[in-house]
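Let me begin by presenting the structure, written as structure tokens, before commenting on it.
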Amino acid sequence: VCGDAEHLRALCKVGAFDIYACATCKTDHATPMPSAPELKAYYDRREWFEGGEVGGYQSYDAQTDWSLEVVTSILAEFVDRKDLSILDVGCGSGSVTRRAAERAGPDGPVPGVDISEVLLATARAASASDRSAPVSYLLADAQTYDFAPASFDRIVSRMGVMFFADPPAAFAWLAAAA
């Protein structure tokens, strides 16, 4: 993700993919880049998220919390209104979705979209205990999901866009929803 190849450490091989950890950005990398269906197949296994598999996440939030402060500072720049609509692409366990909802206000729809049902179940459970934020979660691939045109004021993503197979096409697709 950060491009710092000097600080990559081999973690494991999963199927046809070599998994590396980067000491600089604290992110795992897969080579070659898996397709969206391949990612979904790996990420929807509970073993990957519960730490029962080498290279899996012990806790998704614990591995990605290092970047939450940066995202929160970006969200703080958003216009503060009670009906701001924010889409969270690749929402994972929903921590950014819930932070975005705090910024959106009580009338702002804040959906999170992800391809992993396992992560969305975690997001839904966390959101159920925090009723202050108006969030919803959608199982879909943001690269191809048919969002209504001009339905979001802002689109955010902490970790999701790095998995886009064709980033320019995906960003153009999402721009139509903004």
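Since every read-out is calculated from the coordinates, none of them should be taken as a lab result. For clarity, every value in this text was computed on a predicted model and none was experimentally measured. No Cβ is skipped: glycine too gets one built from the backbone with ideal geometry, and neighbour counts run over all protein chains shown.
Laid out as a table, the results:
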{"item": "Neighbour cut-off at most 11 other Cβ (10 Å), DSSP loop, trypsin sites (Lys or Arg not before Pro), the range 86-158", "result": "R131"}
{"item": "Estimated FRET transfer efficiency when R0 is 30 angstrom, pair M33-A150 (beta carbons, to 0.05)", "result": "0.45"}
{"item": "For peptides 108-120, 136-148, 165-177, sequence by mean Cβ density within 10 Å, most packed first", "result": "108-120, 136-148, 165-177"}
{"item": "Distance in nm between pseudo-label sites at A126 and M162 (7 Å out along the Cβ direction from Cα)", "result": "1.7"}
{"item": "Full-extension gain in nm, L11 to D83, via 0.36 nm per residue minus C-alpha separation", "result": "21.5 nm"}
{"item": "Rough spin-label spacing in nm, given labels placed 7 Å along Cα→Cβ, for D65 and D107", "result": "3.6"}
{"item": "H29 long-range amide H proximity, modeled H, under 5 Å", "result": "Y20, A21, C22"}
{"item": "Overall Cα dimensions of the range 92-151 - principal axes, largest extent first, Å", "result": "30, 28, 13"}
{"item": "Cα→Cβ-extended label distance, 7 Å offset, between S73 and L139, nm", "result": "3.7"}
